[in-house]
Amino acid sequence: MKTDSGSKSAERSLPKAPTGIQGLDEVTGGGLPRGRPTLVCGSAGCGKTLLGMEFLVRGAMHYNEPGVFVAFEENAQELGQNVRSLGFDLDDLIKRKKLMVDFVRIERGEIEEAGEYDLEGLFIRIGHAIDTVKAKRIVLDTIEALFSGLQNTGILRAELRRLFRWLKDRGVTAVITGERGEGTLTRHGMEEYVSDCVILLDHRVVDQVSTRRLRVVKYRGSAHGTNEYPFLIDEDGFSVLPITSLGLQHAVSDERISTGIDRLDAMLHGGGYYRGSTVMVSGTAGSGKSSIAAHLARETCRRGKRCLYLAFEESPLQIVRNMRSIGIDLEPYVRKGLLRFHATRSGVHGLEMHLATIHKLVQEVKPEVVIVDPISNLSQGANRRDSTAMLTRLIDFLKGMEVTALLTCMTTDADQEKTDIFISSLVDTWLLLRDIELGGERNRAMYVLKSRGMAHSNQIREFLLTDRGIELAEVYLGEAGVLTGSARMAQEAREAAVALRRQQEIDAKRRELNRKREALEAHILVLRKEFEAEEEEAKRVIGQERARAEVIRKDRDRMAASRKADEGVSTVEPGPRSRNGKGVVHEKAAQNRRAGTNDRKRGSLGAAALRRRPDAEVRRGLREPQKTV
C-alpha cells in the first residue's frame, strides 16, 4: 500500500525507464532517465555494447518498449551471434518488430569536410527506424565511430549537441556508448557534459586478476548510488551487485536449525544455529572444518531443504568421497538436487567477481544454507581492506536473503582466536577447532567461542572423526584440566584405580561392621537363652512351692476335718490360753486376718505352726518325742 508521502515522492521523481538489468535499476534508483540520453563510457572490452543491447532486448521483452540499435562497427548478423550465447534471440525480436538493428557503415576515407557539415541524413535514417518499430528506446554504438572522420572540433561539438538534442526531441530513451579518453571519460571530452546520465564501466586487472566495476558518474535530477559496484557478464547477461547499498535492516528468526551433530546442538543451548545467522568455523589445516560443514549440509538436505556448497579447494567428487570415509554420504542429495556444488579456484576471478557469482547462485538455487569452504582461501591475493569489504557484503547479502551461512576459515597455530580476514565481529556464531598435542599424539578439540543470542557451553570438547562422522567425547570433569586422547585415558585409568581402592576400603569397613553386628546379635541370643532358662527354672520352683503349699493346705484341712475343728478356727496347734478361754495364738491369727496383715506375717505364722508340727505328730503318736539331754 502506497503512502501519501510515497505518492508525492513518486510524483516528484524523474520519469525513468527500467533497464531490466539485475542490480542496475537499484543503483540508478529505477532505471535510466526516460526520454533522455545516457552515456555509457569505458575502455575496450568492458561491456558497453552488451549493456546497450540488453537494455533494448529486456525493454522489448519485459516492458513492451521496442528499440532500435544503430551500430557503426558491427552488422546485425555479427551482433546476433555475439548475444545469442546470452540467450538473446535478436532474429525473433526483429521478426516481431520489437527490435531493429541498423548498421551504418562509416569509412573515414569517404568523409570529406567541406563547407557546412551536419548529421541531418543520419537523423532521417534513425527517425525512419524509430517510426518503423515505434521505438521507445535507442542505442548508438559507438559515438567515436560516428564522428571518427571529423577533425574540426567546432563542427564536432556542434553536432554532438545537436545529436543529443535531437534524441531528446524524439522522446526516446537513448543509450550512447563512448570510449574512454586519456584522463577523461570520453575521447572528445564533452559527451559527458551534454548527457543527462553518465555510467562508467571499468575493467581492471590487479595481480593478474580481472575485475569489472560500474559507477554512476552523473544523473541529472535524481539521486543514485555513488560507489563502485562489481558487475558480472555471464551466460545470463549483465548483472550488477548493489550490495553496498544494503543496510542493517534484515529480518531475524528465532527458529533453530540443527548442526547435524547432537552434542554440538546441546552445546548451542540445545537447538543448533539460528536460521539466517552466520557461522564461522576456524582452525588449522586438518582440524575438521569441512567435516562440520558436511554435517550441516547433510542435515539440511535430510530435512528436504536446499544447500549450496561453494568449494575453493576441493572438487565436488573429492568432497563426496572424503566425507563418505567418515560416514557422511552426500551423493544421494546431489542426485536429488538438494545439494548444489560450485567448485572453482579462488584465483580464477577477483573478489568482486566471486561475490557476483555467489549472488547469482543464491538467487538461482534459493538455498536455506550456504557453505563457503574455505573463506580464507577465497580472500587470498587481495588486501585486507578489499577482503573485509567483500566478505561484509557477502554476509549482509546472505542475511538479507535469510540464508544460514557457514564459513570455514583456516588459522595459524600462533593465535587461533584471530583470523586474517577480520570478520569475527560480523559472524553470529564462532566455533573454534584446536589441535592439542600431548603425550606424543595430536587430538582435536572444539569449543564455542561465541554465539549471539543463546547461553552456549563454555566447555572444551574433544571430538573424534569416526565411521559415523564427528563424535564429541564426554566432558572431562577431573581435576587434571583439559586432557585428550591417551593422556585422558591414562588419567581416567588412574582415577578409576583410586576410586577402586576407595571402594574396596569402604567395602572392607562395611564387612567389618557386618561381622560385629552378627557377633553382637549372637551374644544377645545367648543371653536371651540363658535368661529364658533361668526364668523357666524360677517358674518351675515357684510352681513346686505352690504345689507344696497346696498339699500342706489340703493336709491341714483334712486334719482339721478329722479332728472336727471349729469352722473358721485355724488348724494350728493351740497355744497358751487367753482369758476368754481361746488360745492366744488363735486369737492373734484371727486378729491378723481381720487386720489384713501381709502374707509374710502369715507365712511367719505358718512357719511357727510348722515348727510346732513335730510336737503335734508326737501327740498323734506318729513320731517319738525328742529326748532332752
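The values are calculated or read from the model by the stated rules, or taken from the named source; none is laboratory data. Since we're looking at a predicted model, the values are computed, not measured. When we count neighbours, we look across all protein chains shown, and the Cβ atoms used for this are built from the backbone with ideal geometry, even at glycine. Note: areas computed on protein heavy atoms with side chains; ligands, DNA, RNA excluded. Shrake-Rupley method; radii C 1.70, N 1.55, O 1.52, S 1.80 Å.
Compute the signed sum of charges (Lys and Arg +1, Asp and Glu -1) over the other residues within less than 13 Å, Cβ to Cβ, of GLU441.
Computed value for this residue: 0.
Taking amide H positions as placed in the peptide plane 1.01 Å from N, state which residues far from ILE371 in sequence (5 or more) or on other chains have amide H under 5 Å from it.
Placed amide hydrogens put LEU308, TYR309, LEU310, LEU406 under 5 Å from ILE371.
Do any of LYS366/LYS450; LYS168/LYS218; LYS16/LYS399; LYS336/LYS366 go past 21 Å between their Cα atoms, and which?
In this structure, LYS366/LYS450; LYS16/LYS399 exceed 21 Å between Cα atoms.
Can you work out D for segment 298-423 in µm² s⁻¹ from Stokes-Einstein, where Rh is the Kirkwood radius over C-alpha pairs, the temperature is 20 °C and the viscosity is 1.002 mPa s?
141 µm²/s
Near the amide H of VAL40, under 5 Å away, which other amide H atoms are found, from residues 5 or more places off or on another chain, if H is placed in the peptide plane?
ILE176, THR177, GLY178, ILE199
For segment 344-356, take each phi angle, set θ = phi - 60°, evaluate the Karplus expression 6.51 cos²θ - 1.76 cosθ + 1.60, and give the result in whole Hz per residue in order, putting x for glycine and proline.
7, 6, 5, x, 6, 9, x, 4, 5, 5, 4, 4, 5
Can you give the local net charge around LEU351? Use residues other than it whose beta-carbon is closer than 13 angstrom to its beta-carbon, Lys and Arg +1, Asp and Glu -1.
+2
For a protection proxy built on the mean count of beta-carbon atoms within 10 angstrom, sort 192-201, 496-505, 156-165, 231-240 highest first, please.
The packing order, highest mean first, is 192-201, 231-240, 156-165, 496-505.
If you take every residue apart from ILE292 with its C-beta less than 14 Å away from the C-beta of ILE292, what net charge results, scoring Lys and Arg +1 and Asp and Glu -1?
My count for the surroundings of ILE292 gives +1.
Nearest 0.05, what FRET efficiency do ARG384 and GLN504 give at R0 = 51 Å with Cβ-Cβ as r?
0.20
What translational diffusion coefficient, to the nearest whole µm²/s, does segment 483-546 have by Stokes-Einstein, given a Kirkwood radius computed over alpha-carbon pairs, a temperature of 25 °C and 0.890 mPa s viscosity?
149 µm²/s
In Å, what Kirkwood hydrodynamic radius results for segment 149-235 from the alpha-carbon pair distances?
About 15.0 Å for segment 149-235.
Carbon and sulfur: what percent of segment 164-249's accessible surface (1.4 Å probe)?
43 percent
Output the direction-averaged projected area (hull surface divided by four) of the convex hull of the alpha-carbon atoms of segment 22-83, in nm².
Here the figure is 5.0 nm², rounded to one decimal.
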